[in-house]
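Quick notes on the structure that follows.
The values are calculated or read from the model by the stated rules, or taken from the named source; none is laboratory data. A quick note: this is a predicted structure, and the numbers were derived from the prediction, not measured. Heads up, the Cβs are rebuilt from the backbone with ideal geometry, glycines too, and the neighbour counts pull from every protein chain shown.
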Amino acid sequence: MTPILELRNVRKAYGDFVAVADVSMAVPPGSIYGLLGPNGAGKTTTIRMIMNITPQDSGEIEVFGHPRTSEDLQRIGYLPEERGLYRRMTVIDQLVFLAEIHGLKKAKILPDIERWLERVDLAPWAKKKVEELSKGMQQKVQLIGTVLHQPELLILDEPFSGLDPLNQELFRELLQEYRAQGKSVVLSTHGMELAERLCDHICLISHGRAVLDGNLKEIKRRIGGNSYRVVAKGDLEKLKELPEVEQAAINDGVVKLLLRPDASGPETLRRMVAFLDVHEFRSEEPELEQIFLKAVRDAA
Amino acid sequence: MRLENVVVVTKREYLQRVRSKGFWVGTLILPVFVLAVTLLPSLLIAKSETRQSIVVVDETGKVAGPFAARANARAGQAPAAGKQREMQATFDVKVEPPAADRQAQRADLDRRLLRKEIDAWVWIDPGVFADKPVEYHARSVSNVFTQESLRDDLSWVVRRVRLEQAGIDPERAEELTRSVRLDTRRVSEKGSRAEGGAAGIFFPLGLFMMLYVSMLLWGQQVMNGVLEEKGSRVIEVVISAVTAFELMMGKLVGICLVGLTQLGIWLGTVAVLTAPGIVASLALMPKGSALPTLTAPVLIHFILLFILGFFAFATIYAAIGASFNNLQEAQQAASVAAVFIVTPVLVMWPILNDSTSRMATILSLIPLFTPLLMPLRIVIEMPPAWQIALAYLLTIGFVVTMVWFCSKIYRVGILMYGKKPTFKEIWKWTRYA
């Protein structure tokens, strides 16, 4: 299947500062693709390059199976990290404008706008200026503006940051609908938990490099074949001294253990009982957090 | 550049502004304000007839009598109909003879002055017929118009006495030394016609001010608009769908159209007001003279040069708006840009006086000044065609260069947040790919 969005060895530097050193990624159709990494990893720069807001220094970006054109960009719904609306425009004028810059005609889009406003309970506010709306309402207008032109690809930079819980729920609903329609979503986040719940595919970015890219389940299977949950009493810190242990996250008597791929679980258990009172030892999926830490360490 | 994107942005910029109350208030209030500023002061002074009670002590015995008669006669008179009311003060004159003790009399007059029994006192020395000045004592001496009247009246009397002493009949002398009047007529291809001297200045001046105000006002609106997009962060969504250049052009064209709409309203008003009959019926014009009227060529040049001038200045403002984070930061750079618009105002008067001088020609060919100075020359006297053509050519070249240059700053600047950039940094932006 042709990826709906593909980046190959994309790089961007501002003078001496390298924001994105080398990122390659491929977004399959009908998926929610998470761009993960800590703040400052290069997520926003990557997204801005996809949107052609900042031109890349080198590397290729293909959208919908061909090198990106400005018409392609109009078929993308983009929500930047820093959001904003024209404060003195009415809700309806604002949405019409956002649809028009994406190549739609006013007459065609008006019924859609009304439907959307009904859905998010903003219909009575249609003729009000944006500055008269509460922050939560403005967020709704922004969300509608992002999806109004029925883009085939959504690109969202930290979409959940700053959203109130109701709008987070609304957004999540929207993303699921999108995926169900076979469309794709790329979202960046530094929240691993959220990505784990939402994304099918992920790309981990650290210091401007993509360190891991692929289907989340596959990645978990590949990397996390050796992940265990341990409940035990004793000096749990000692676990970290075992040579086959890559990571040991200890929390209230529960240890999330990640072993080297070539290590054997039962072997580790045998060594463990020598100094611990083990109550439970079972294989489980690793958490994204663990995978991320491992990937960053492996890349270094 | 995709035209449909520019059109979408243009439409937003235009409708948002024209639909706002501020636009209509500004459009209606500005002419009222300009009229008030130019006409009101003279009207106010003319209306504020000052009536001063003054005491005249005349040591010559020849001046006070005729002076009092002249001043008191005028006080009872209404100004002649149709004649422009001059700024004249009226005096209640009381003549008092010089006392034996001059010092005591002066002290007494000062006392009465301070008790506000009188407004001023005047002492006429015997040497007045030679060159001695007349003393004027008052609580305030800033009343220049009153003093002017007093001086005129006294001079009139003193002159007559001098003439008599020289054996010349004052009536005859007055008759023979009357000033000549100028009957001004403007000659153009359509023949000559009488135009009021004052109107001859006010008309080009009014059009010039209109252009000036529009360019300054709407140029700054471009800057404010860019700052607003940047400040509200809406810019990033917009710039993902349309290019920075499309957005800038859309904004410039949209706001230019708003300016033209406003100018259209103002010029329409001028056209109606200067139509034959209207102003005359308002009795503002001397009989037998006509106002200059807007002709089609003047109007066309006016509009074309407004568009060019707007683009020359507004692109600079767009780049400034994009470079900074807020109005405070942008103010300094904006005032530098304003210098280019203000300079033509400084050199306007010599051009009004002689629009064909070499200086006028050269200045009006400098692209930054052309949009304001060329219309001024055109409205006064149509310059040779080659000069107009050259001015257009130079200005168009300048505008294209400005748009090209400023769009580079604009493109980088609109996405720059954080610390206020230095001019050196902004210069660097222009060299980004």
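Restricted to the range A:78-87, and to residues there that are surrounded by 22 or more Cβ atoms within 10 Å (Cβ to Cβ) and closer than 17 Å to A:Met49 by Cβ, the residue that is farthest from the other protein chains (Cβ to nearest Cβ) is A:Leu79.
Failed condition for A:Gln139, given (1) within 8 Å of chain B (Cβ to nearest Cβ); (2) crowded, with 20+ Cβ neighbours inside 10 Å; (3) of a type outside the set (A, V, I, L, M), with all others met? Result: A:Gln139 passes all but (1).
Any idea which of A:Leu117, A:Leu174 is outside any loop (DSSP other than H, G, I, E, B), away from chain B (no Cβ under 14 Å) and either at pLDDT below 90 or under 30 Å from A:Asn39 (Cβ atoms) (or both)? After applying the criteria, what remains is A:Leu174.
Condition check ((1) over 21 Å from the mean Cα position of the chain (by Cα); (2) under 22 Å from B:Leu252 (Cβ atoms); (3) surrounded by fewer than 23 Cβ atoms within 10 Å (Cβ to Cβ)) across all residues:
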position: B:Ala338; (1), (2), (3): no, yes, yes
position: B:Met348; (1), (2), (3): no, no, yes
position: B:Leu394; (1), (2), (3): yes, yes, yes
position: B:Val399; (1), (2), (3): yes, yes, yes
position: B:Trp404; (1), (2), (3): yes, yes, yes
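Condition first: touching a Phe, Trp or Tyr at 6+ places or on another chain (Cβ under 7 Å), in the same structural domain as A:Ile32 (by TED's automatic domain parsing), touching a residue at least 12 places away in the same chain (Cβ under 8 Å) and part of a helix (DSSP H, G or I). Can you find one or more residues in the range A:202-223 that meet it? Checked the range A:202-223: no residue is touching a Phe, Trp or Tyr at 6+ places or on another chain (Cβ under 7 Å), in the same structural domain as A:Ile32 (by TED's automatic domain parsing), touching a residue at least 12 places away in the same chain (Cβ under 8 Å) and part of a helix (DSSP H, G or I). Taken over the range B:249-292, the criterion of being of a type in the set (S, T, N, Q) and either touching a Pro at 6+ places or on another chain (Cβ under 8 Å) or modelled with pLDDT of 75 or more (or both) is satisfied by B:Thr261, B:Gln262, B:Thr269, B:Thr274. Comparison of B:Gly418, B:Gly413 shows that the only residue that is modelled with pLDDT of 85 or more and not hydrophobic (A, V, I, L, M, F, W, C) is B:Gly413. Within the range A:47-62, being touching a Ser or Thr at 6+ places or on another chain (Cβ under 8 Å) and buried (at least 24 other Cβ atoms within 10 Å of the Cβ) holds for A:Ile47, A:Arg48. The single condition among (1) farther than 23 Å from A:Asp72 by Cα; (2) within 14 Å of chain B (Cβ to nearest Cβ) that A:Glu158 does not satisfy is (1).
Out of A:Gly208, A:Gly214, one residue alone is within 30 Å of A:Val20 (Cβ to Cβ) and surrounded by fewer than 20 Cβ atoms within 10 Å (Cβ to Cβ). It is A:Gly214.
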